Amino acid sequence: MEPAQTAVGAFDAKTHFSKLLERVAAGESFVITRHGMPIARLGPLTTAPAEHAPAELIRQAAALRREVAASPEEIRSWIAEGRA
């Protein structure tokens with residue numbers, strides 16, 4: 001379930017934009033409205049799943065290496081296939 005978002009009129013959002021950004025940086029989200037109708041959402045960015053710590057990526061690579069049993073010939077074949 002998504003957390004409740006505070007509605008902010010477009011004029012107020014423009015007038016108090018820097019304060020809204022400070023609150024967004026703290027984790028809040030807002031719905032920007034024009035004449036009472038929602039038109040935009042302002043909220044914190046989420047980190048992409050690919051952005052892991054290097055140690056975690058190394059751990060995952062080692063686990064995958066244990067799961068995949070392939071001969072050197074198969075690996076070379078996959079590399080060649082990827083380059084084609």
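Considering the range 32-51 alone, what residues qualify as being under 19 Å from the mean Cα position of the chain (by Cα), modelled with pLDDT of 90 or more and not charged (D, E, K, R)?
First, pick out the residues of the range 32-51 that are under 19 Å from the mean Cα position of the chain (by Cα): 40-51.
Then keep just the ones that are modelled with pLDDT of 90 or more; that gives 40-43.
Of everything in the range 32-51, those that are under 19 Å from the mean Cα position of the chain (by Cα), modelled with pLDDT of 90 or more and not charged (D, E, K, R) turn out to be ALA40, LEU42, GLY43.
Could you grab me the full set of residues in the range 1-40 that are of a type in the set (Val, Ile, Thr) and in a strand (DSSP E or B)? Please lay out each step first, then the result.
Just the residues of the range 1-40 that are of a type in the set (Val, Ile, Thr), to begin with: 6, 8, 15, 24, 31-33, 39.
Matches in the range 1-40: THR6, VAL8, VAL31, ILE32, THR33, ILE39.
Restricting attention to the range 61-78, report how many residues are loosely packed, with under 10 Cβ neighbours inside 10 Å, of a type in the set (Val, Ile, Thr) and not in a loop (DSSP other than H, G, I, E, B).
The qualifying residues number 0.
Residue check: is LEU57 surrounded by 10 or more Cβ atoms within 10 Å (Cβ to Cβ) and within 30 Å of LYS14 (Cα to Cα)? Break it down into steps so the answer makes sense when it comes.
Numbers: surrounded by 10 or more Cβ atoms within 10 Å (Cβ to Cβ): yes; within 30 Å of LYS14 (Cα to Cα): no.
When the stated conditions are applied, LEU57 does not pass them.
The values are calculated or read from the model by the stated rules, or taken from the named source; none is laboratory data. All figures in this text were calculated on a predicted structure; none of them were measured in a lab. Note: ideal-geometry Cβ built from the backbone for every residue, glycine included; neighbour counts use all protein chains shown.
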